[in-house]
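Heads up: the structure comes next, in structure tokens.
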Amino acid sequence: MPNKLKVPPNAGVDISRRTAFQLAITATVALTSPHIYAASGAKTINWSFMHHLPATHPVAKLYSAFVSEVLKATNGRLRIKLYALGELPFEESQTLEAFQTGTVQMAEGLQGSLAPQLPALGLSGEPFLATNHEETMIMVKTMEPYLRKQLSPFGVELLTVLDKGYQSFFGNGAPMSSPGDLKGRRVRTAGRQIAEVVTLFGGQAMQIPLGDVPSALGTGVVHTYITTPVSALGQGWGDFTTWTYVANIAPAPIFLLVSQGALAALPADVKASLLSVTDTFTVQASKQLLADHENALHALQKNAKTNTTATDAQLAEFVAKCKPAWLQWGKEHKLEELVNMVANQLHK
């Protein structure tokens, strides 16, 4: 029987096939969200901000604080309405479509769902390239010109990037304590890039739906999984976790996107206030998200019997094995220059 783990606070379509109901929602939001109306003698601009989290999720609560600060800083002239998971007929992979239909003016963008359309985003998912906050920010700054160029045809630009922690190895059964322990091991992963780490070291990467992971861990289908600590707790996998091997495989940044047209249409003082609030929010939100990451990791470690942190020599071994994969990724996406720039800046 798994140990019951107490989760700490803050841990964690093709348009032609849409139903008439979905299209009605989209049309309604598109018509009302950008509309400007007079309120108390001042003009108020309405924006819509879409994300794919439950409204009660800690990150969603940060978004709520952000829009409240924007409303306050602009004296009520920019009102941003949040749309949580399932409230608009767009999946994560359709975020850019939501902008193009005029349904939203802001949205959360995630590497895993948007990289097929925005290849530069994929660099953030390359294993053992950026393994801490400082490295992630260097990588993001270097990526930014490439990402902006890829976003522009969609009428979208990058507003800011939030750092919300790093993926590591967790599981039950025989614990991991070195890269070599991946050999012959079945590991639940999400995404091709993370799966590549497992296969490079002789393991078997397995794609298992989120809801089936607890059963897989409980029955021995897999004994190892890769994710962030916050996600592990949020999904209830911590109850099946008896060991941790912290290696900070890859970051899980949030890219906040904004409509080019909507941003350009803002009065100069409203735009300045929005950007000022964004700057402050970026620092404070990343600080909170990284604190949540550490709290979740400590909760997992407290419940586990064995906790190991990868040594510098082990991290160097991971990097040496993964670097050819970074370069191959760059070649496939015609982003070799970007990969080399980031690797050189991070001395890898």
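Structural remarks
- Residue ID - most open to solvent (accessible area, probe 1.4 Å), chosen from residues in the stretch 123-142 that are closer than 29 Å to K81 by Cα and of a type outside the set (K, R): M137
- Here the condition is being at pLDDT 95 or above and in a helix (DSSP H, G or I); of S93, S124, S68, S113, it holds for S68 alone.
- Residue match in the stretch 233-245 (condition: open to solvent by 20 Å² or more (accessible area, probe 1.4 Å), part of a loop (DSSP other than H, G, I, E, B) and either among the aromatic types (F, W, Y) or touching a helix residue (DSSP H, G or I) at 6+ places or on another chain (Cβ under 7 Å) (or both)): yes
- Subset tally (residues that are at positive phi and either in contact with a Pro (Cβ under 7 Å, 6 or more places away or on another chain) or of a type in the set (A, V, I, L, M, F, W, C) (or both)) for the stretch 221-257: 1
- Residue in the stretch 149-199 that is surrounded by the fewest Cβ atoms within 10 Å (Cβ to Cβ), counting only those that are among the hydroxyl-bearing types (S, T, Y) and not in a strand (DSSP E or B): S152
- So E92, is it out of contact with any helix residue (DSSP H, G or I) (no Cβ under 6 Å at 6 or more places or on another chain), among the acidic types (D, E) and open to solvent by 10 Å² or more (accessible area, probe 1.4 Å): no
- Applying the condition of being among the β-branched types (V, I, T) and open to solvent by 10 Å² or more (accessible area, probe 1.4 Å) to the stretch 60-89 and asking which residue is farthest from the chain's Cα centre (by Cα) yields I80.
- Residue check, G202 surrounded by fewer than 19 Cβ atoms within 10 Å (Cβ to Cβ), within 30 Å of C322 (Cα to Cα) and among the small types (G, A, S): yes
- Pairs linking a residue in the stretch 308-323 that is of a type outside the set (D, E) to a residue that is buried (at least 16 other Cβ atoms within 10 Å of the Cβ) and part of a strand (DSSP E or B), with Cβ atoms under 6 Å and 6 or more positions apart or on different chains, are T308/Y245; T309/V246.
- Of the residues screened, A343 is one that is of a type in the set (G, A, S), farther than 30 Å from N75 by Cα, at pLDDT 95 or above and open to solvent by less than 10 Å² (accessible area, probe 1.4 Å).
- Here T282, T311, T306, T278 are screened, and the one residue that is touching a strand residue (DSSP E or B) at 6+ places or on another chain (Cβ under 6 Å), among the polar types (S, T, N, Q) and loosely packed, with under 15 Cβ neighbours inside 10 Å is T306.
The values are calculated or read from the model by the stated rules, or taken from the named source; none is laboratory data. Since the structure is predicted, the reported quantities are computational estimates derived from the model, not experimental observations. Positions of Cβ are backbone-derived with ideal geometry, glycine not excepted, and every protein chain shown enters the neighbour counts. In case anyone asks, the SASA skips ligands and DNA or RNA and just uses the protein heavy atoms, side chains included. Shrake-Rupley method; radii C 1.70, N 1.55, O 1.52, S 1.80 Å.
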